[in-house]
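The values are calculated or read from the model by the stated rules, or taken from the named source; none is laboratory data. Owing to the predicted nature of the structure, the values given are computational and were not obtained by experimental measurement. Here the Cβ positions follow ideal geometry from the backbone for every residue, glycine too, while neighbour counts run over all protein chains shown. Heads up: the accessible areas ignore ligands, DNA and RNA and are worked out on the full protein's heavy atoms, side chains in. Shrake-Rupley method; radii C 1.70, N 1.55, O 1.52, S 1.80 Å.
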Amino acid sequence: MFNIRSMCGVIGLRCERDRGDLGEVASALLRMLEYRGYDSTGAAVQTAAGRITLLKDVGSPTEVTRRLGIGRLSGRVFCGQVRWATFGRVTRANAQPHEVACKTHLYGAHNGNITNCDALKDWLTAQGHRVLSDNDGEMLVHTVEHYFARELRRSRDRAVALKAAVLAAARKMVGSYAAVVVDPVTQALAAVKAGSSLYMGLGHDEAKGAFHIASSDLASVLSRTKMLLPIKEGEFALYDHARADFYDLKTGRRIIKEPARSRLKVEETELKEPFRYFMQQEIFSQPAAVRKVLGLFLRQSELLAVADRFAGQRQALARRAVRRIHDLAALTRAESLRRESARFARGADFASLRRLAAKAPSPSGPLESSLGSFLEELGRLAPGGSWAALRLLDGLCLAEEADDVARRVRAFVRLIRRARRHGRAVYMVACGTSFHAAKAAAVFFNRVAALKIHPLLPGDFRSEAAGALRDGDVVIGISQSGETKDLIDVLDLARASGRKLRVVTLVNNLNSTLALEKTDLCIPLCCGPEIAVPATKSFMNQLAVLYALALAAAAPRSPGLRRRRDNLLRVPDLLEDTLASAREPVERAAAELFLAPSIHILATGMQGVAKEGALKVREVVLNHTEGYEASEFKHGPNTILGVNTVFGLGAVLGTAQQRLKPGPDLFRSLYSDYPLVFVTGPAPRDVNLTVSQINTHKIRGADLYVVAEPDPALGAAVSRNRCGRSVFIPLPKTGDDLLPFFTASLALQLLALSMSTRKLARLDALGFAGHGVHPDSPKNVSKSITVD
């Protein structure tokens, strides 16, 4: 039997000296990992003098850190874990970290699943270990301890012994995991990446000294430092505050690593006014996110235009300046960065940039490139009046990013056109929200580029396509996190077929396993960090990038290609219009739907949008919802219309107030018409099909909710629903068959958000503890699924 143990988050932080605020830092880091697990939370903090405090319990990081007083701890070593249990009970004994001392003393935690856990427990018990839980994390720590004790008998060098113990323990493990283990004597840490996500960074705080950090979550690392140390699958690191040595997990061979500055903006991980939830903030950030990614992919922005003109006139200066910015961004120590940045700001090149920027000012607004945050740091060291020069530098960096995107797109187009020329297949493989984007992409490539794309879930790819792969086929994997285990496994399977395939990945995290290790070509989504578990802005950017790739892959003289490109550039404004115009009808619909026990979303020619809208409702409202191609509803699912036994909380509460006894009266009081949400584009055929569906179903007992561009026939069909309730949610007029993929998706996101907040408030008011309804962290789901 294949047992899945856990999908969690682990952290290991080693500081130069004791910090009085380490508990506060630990609590903040654990809370950043809450989206990865909230069944239990734990922290082990060790002082320079050697005192270890281990605090852990059942509950979310927000609740446990406060209840156990983790924020009051001080020390220089922190090992923490959040657990999302998928096998094994949610108990304190199963919470991590685990501290063990059967053969020698160690403590540690893990993220992922070790599938031979039961066999390891039997073996460890036979070897004399006292195993206190059924958690696979404890088996891992005990196994490292077992071999560490053996190696210490052979060598007095504890670093050598720990390295050998990690290698021996890895050979004993079956599964996918990442782990942090601490030697309490030397206070050195081992961080292992064996199939689950793990990121490492180094930094230096003037008051607190140097540090190294490892974490399952990239944003948590970036909250402490922008300098990353790339660690790949099948590698591990031994580190303290000053040094990190990397090794191959199979051979023990030393691997040299160079730090690199991350280009993700940490400030996007903060909740800002007036938003109450990250999901809400990320929904409203979508116009800006799509505008940025289209600017890069279509090279269409004011700042890029200014930078391109400047680079054309002063190419040598532009190249020198950008190269110098990269050199400065690579510096890891604060004092070196401050000294060299001040030198650059006082130098001749920066003075030239200031003069030239004053003559041809750049557009106003925030810095846009991925080095924008770093340039803002540089601005604090530069002479007064340097903002225009920094803005110009930002444009030059943005132009460099656009050049990089253009190279990647050209490579993608070559692969796709070669596959078409030789009659080869193009597969898109993805999970969850990314799969729904792939379903939409199949429409984009069909209508824009006349190309057939096969969108498949990883399981379907294994069962329906893996045995039919041919040389020259293209497999495109889509993942926001770049760490989706199902997708990683299926790409490994495709590689193992022996066919000469080309693998392309679309990811948001360019430091991820998919981006660094599993691809021939990586396409960035450029949406920035996404904190809420339900994907919103990453989905919208996936749609935008996939549409842009379809445009690029089309034959240059394809009919209507220019119109399609111009329409794509309208998307950010259309999203802003949707946010403004759809809010009131969305609120009316949400007020009627948030307690509905079941809903069907029926889309005409936009199945990916229907499925994504249904997923959003299921995720954050916890109401059963299905997304269908509209015409399919009459082939069986329509049996739910009319008399049924689908009873919701609202009906049950009403019945309780009436105190009806079991019988026909009770049954009639529980019945309500079934809600159908229709989605369609403005094409006459699609509108006519939708009107036909509405008229067919409303007479059988349906409440009607329509998401569409204003149309007289649709409006009449909805307004004449004398049998039940109805709401029309208007989308901005486009007259285009593809733009509603964006606007309708946004309207459905808003609907799910409003339904979630309403149901959350209602259940809280009823005193319904542990209901799990929340827009940011609903129960049972995680942002990045890194187990099988």
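Okay, here's what the table says:
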quantity: Selected residue (criterion: nearest to Ser538 (Cα to Cα)) from residues of the stretch 414-454 that are touching a Gly at 6+ places or on another chain (Cβ under 6 Å) and either of a type in the set (S, T, N, Q) or open to solvent by 60 Å² or more (accessible area, probe 1.4 Å) (or both); calculated: Arg424
quantity: Tally of residues being of a type outside the set (D, E, K, R) and more than 28 Å from the chain's Cα centre (by Cα) across the stretch 598-636; calculated: 6
quantity: Total residues in the stretch 122-141, condition free of Cβ contacts under 8 Å to residues at least 24 places away in the same chain, aliphatic (A, V, I, L, M) and surrounded by fewer than 17 Cβ atoms within 10 Å (Cβ to Cβ); calculated: 1
quantity: Cβ pairs under 8 Å, 6+ apart, first in the stretch 280-300 and in contact (Cβ under 8 Å) with a residue 60 or more places away in the chain, second crowded, with 23+ Cβ neighbours inside 10 Å and among the basic types (Lys, Arg); calculated: Glu282/Lys537; Ile283/Lys537; Ser285/Lys537; Gln286/Lys537; Ala289/Lys537
quantity: Elements of type helices (runs of 4 or more DSSP H) in the stretch 290-377, at least 1 residues being of a type in the set (S, T, N, Q) and over 24 Å from Ala406 (Cα atoms); calculated: 334-345, 348-359
quantity: Residues located in the stretch 142-158, provided they are among the aromatic types (Phe, Trp, Tyr) and surrounded by 24 or more Cβ atoms within 10 Å (Cβ to Cβ); calculated: Phe148
quantity: Checking Pro534 against (1) in contact (Cβ under 8 Å) with a residue 40 or more places away in the chain; (2) assigned to a helix (DSSP H, G or I); (3) open to solvent by less than 10 Å² (accessible area, probe 1.4 Å), the condition it does not meet; calculated: (2)
quantity: Filter pass, Ala119 being of a type in the set (Gly, Ala, Ser), in contact (Cβ under 8 Å) with a residue 24 or more places away in the chain and either within 21 Å of Asn780 (Cα to Cα) or open to solvent by 10 Å² or more (accessible area, probe 1.4 Å) (or both); calculated: no
quantity: Hits in the stretch 700-722 - residues which are in a loop (DSSP other than H, G, I, E, B) and either in contact (Cβ under 8 Å) with a residue 12 or more places away in the chain or of a type in the set (Val, Ile, Thr) (or both); calculated: Arg700, Gly701, Glu709, Pro710, Asp711, Asn721
quantity: Selected residue (only one of Glu612, Glu629 is buried (at least 19 other Cβ atoms within 10 Å of the Cβ) and either in contact with a Cys (Cβ under 7 Å, 6 or more places away or on another chain) or among the charged types (D, E, K, R) (or both)); calculated: Glu612
quantity: Strands (runs of 3 or more DSSP E) within the stretch 430-508 that include 2 or more residues within 18 Å of the chain's Cα centre (by Cα); calculated: 474-479, 502-507
quantity: Among residues of the stretch 355-371, those that are among the polar types (S, T, N, Q), open to solvent by less than 30 Å² (accessible area, probe 1.4 Å) and modelled with pLDDT under 85, counted; calculated: 1
quantity: Count of residues meeting criterion [open to solvent by less than 50 Å² (accessible area, probe 1.4 Å) and in contact (Cβ under 8 Å) with a residue 24 or more places away in the chain] in the stretch 338-354; calculated: 8
quantity: Residue within the stretch 67-74 that is among the charged types (D, E, K, R) and free of Cβ contacts under 8 Å to residues at least 12 places away in the same chain present; calculated: yes
quantity: Only listed residue being open to solvent by less than 30 Å² (accessible area, probe 1.4 Å) and either over 29 Å from the mean Cα position of the chain (by Cα) or under 17 Å from Gly108 (Cα atoms) (or both), chosen from Arg51, Arg14, Arg36; calculated: Arg14
quantity: Search result, residues across the stretch 215-243 that are farther than 19 Å from Phe374 by Cβ and touching a helix residue (DSSP H, G or I) at 6+ places or on another chain (Cβ under 8 Å); calculated: Ser215, Ser216, Asp217, Ser220, Lys232, Glu233, Phe236, Leu238
quantity: Leu457 surrounded by 18 or more Cβ atoms within 10 Å (Cβ to Cβ) and closer than 27 Å to Arg36 by Cβ; calculated: yes
quantity: Leading residue by the ranking (least open to solvent (accessible area, probe 1.4 Å)) among those in the stretch 547-598 that are of a type in the set (S, T, N, Q) and part of a helix (DSSP H, G or I); calculated: Thr578
quantity: Enumeration of residues in the stretch 178-197 that are surrounded by fewer than 24 Cβ atoms within 10 Å (Cβ to Cβ) and free of Cβ contacts under 8 Å to residues at least 60 places away in the same chain; calculated: Thr186
quantity: Set Lys250, Lys257, Lys232: member being part of a loop (DSSP other than H, G, I, E, B), within 21 Å of Asn116 (Cβ to Cβ) and open to solvent by 10 Å² or more (accessible area, probe 1.4 Å); calculated: Lys250
quantity: In the stretch 610-622, the residues that are closer than 15 Å to Leu676 by Cα and either touching a helix residue (DSSP H, G or I) at 6+ places or on another chain (Cβ under 6 Å) or at pLDDT below 95 (or both); calculated: Lys611, Gly613, Val617
quantity: Candidate set from the stretch 382-413 (those that are open to solvent by 20 Å² or more (accessible area, probe 1.4 Å), closer than 19 Å to Leu353 by Cβ and in a helix (DSSP H, G or I)); member that is modelled with the lowest pLDDT; calculated: Trp387
quantity: Any pair with Cβ under 7 angstrom, 6 or more apart, that starts in the stretch 203-232 at a residue that is more than 23 Å from His326 (Cβ to Cβ) and modelled with pLDDT under 90 and ends at one that is of a type in the set (A, V, I, L, M, F, W, C) and open to solvent by less than 10 Å² (accessible area, probe 1.4 Å); calculated: Lys208/Cys15; Asp217/Leu33
quantity: Condition check for Val504: under 14 Å from Ala425 (Cα atoms) and touching a Cys at 6+ places or on another chain (Cβ under 9 Å); calculated: yes
